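Notes follow once the structure below has been shown.
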């Protein structure tokens with residue numbers, strides 16, 4: 001049994017009498033310790049598939065299986081609990097809280113994910129993760145003093161501080177230049193391997209595909225290449 005699987009997922013949006021089928025029965029299995037990249041033109045359905053997989057929106061049909069359980073059939077409270085404890089998220093922009101230091105950003109995430117660690121244990125976890133992403137020297141810095149690449153490294157640290165089993169990344173390098181993009185993708189790759197995380201990335205940047213273990217091409221709501 002795989003940790004994470006998407007089976008015959010469909011998504012239809014309605015606008016009055018008009019219906020648009022965004023996903024047309026997608027099947028996808030994600031493997032532990034590996035990066036799967038979703039690529040395709042705008043409107044191909046890749047971001048919709050990621051948000052459904054992550055429980056951020058519901059499918060019209062089909063199922064999303066996490067540890068053999070259909071999260072598509074769960075109520076919102078249970079889905080939120082799984083997202084907080086088992087999933088990590090990286091987006092195009094870091095979305096850091098402007099009035100919190102780097103250390104405080106990660107401490108807050110530990111509180112939200114209900115890890116139930118004491119403050120001293122939290123501080124040790126934060127120190128370890130910041131060392132992993134090369135940001136331990138900036139733990140007392142505020143977001144306004146960080147570069148774009150540094151902000152994204154903090155965002156990655158925040159996404160994995162609670163040791164999630166699945167990492168979702170939606171265009172994580174779109175706001176970065178080429179060098180910083182490669183640095184961030186190399187970091188995501190290393191974290192995926194070292195922590196044995198199941199990682200799903202949406203990207204339009206073909207240069208970043210060399211960091212993925214599997215490349216899934218989507219077009220018009222279906223998988224064209226696996």
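Looking across segment 166-203, just one residue is surrounded by fewer than 21 Cβ atoms within 10 Å (Cβ to Cβ) and part of a strand (DSSP E or B), and that is 170. Restricted to segment 64-161, the set of helices (runs of 4 or more DSSP H) holding at least 2 residues that are surrounded by 21 or more Cβ atoms within 10 Å (Cβ to Cβ) comprises 102-112, 119-132, 148-160.
None of 41, 59, 73, 54 is at negative phi and free of Cβ contacts under 8 Å to residues at least 40 places away in the same chain except 73.
Of the set (1) modelled with pLDDT under 95; (2) within 13 Å of the chain's Cα centre (by Cα), all apply to residue 174 but (2).
Listed by position, the strands (runs of 3 or more DSSP E) enclosed by segment 1-61 that each have at least 2 residues that are out of contact with any strand residue (DSSP E or B) (no Cβ under 7 Å at 6 or more places or on another chain) and loosely packed, with under 14 Cβ neighbours inside 10 Å are 4-15.
Would you please list the contacts, defined by Cβ atoms under 8 Å and residues six or more apart or on different chains, that run from a residue in segment 99-127 that is at negative phi and without any contact (Cβ under 8 Å) to a residue 12 or more places away in the chain to a residue that is assigned to a loop (DSSP other than H, G, I, E, B) and surrounded by 14 or more Cβ atoms within 10 Å (Cβ to Cβ)? Note: pairs meeting the criteria are 108/100. Would you mind stating whether residue 195 is farther than 28 Å from residue 117 by Cα and modelled with pLDDT under 95? Judged against the criteria, residue 195 is not a match. Only a single criterion out of (1) at pLDDT 90 or above; (2) out of contact with any helix residue (DSSP H, G or I) (no Cβ under 8 Å at 6 or more places or on another chain); (3) closer than 22 Å to residue 172 by Cα is not satisfied by residue 75, namely (3).
The values are calculated or read from the model by the stated rules, or taken from the named source; none is laboratory data. The model shown is predicted, which means the values in this text are computed figures rather than measured ones. FYI the Cβ positions are ideal-geometry reconstructions off the backbone, even for glycines, and counts take in every protein chain you see.
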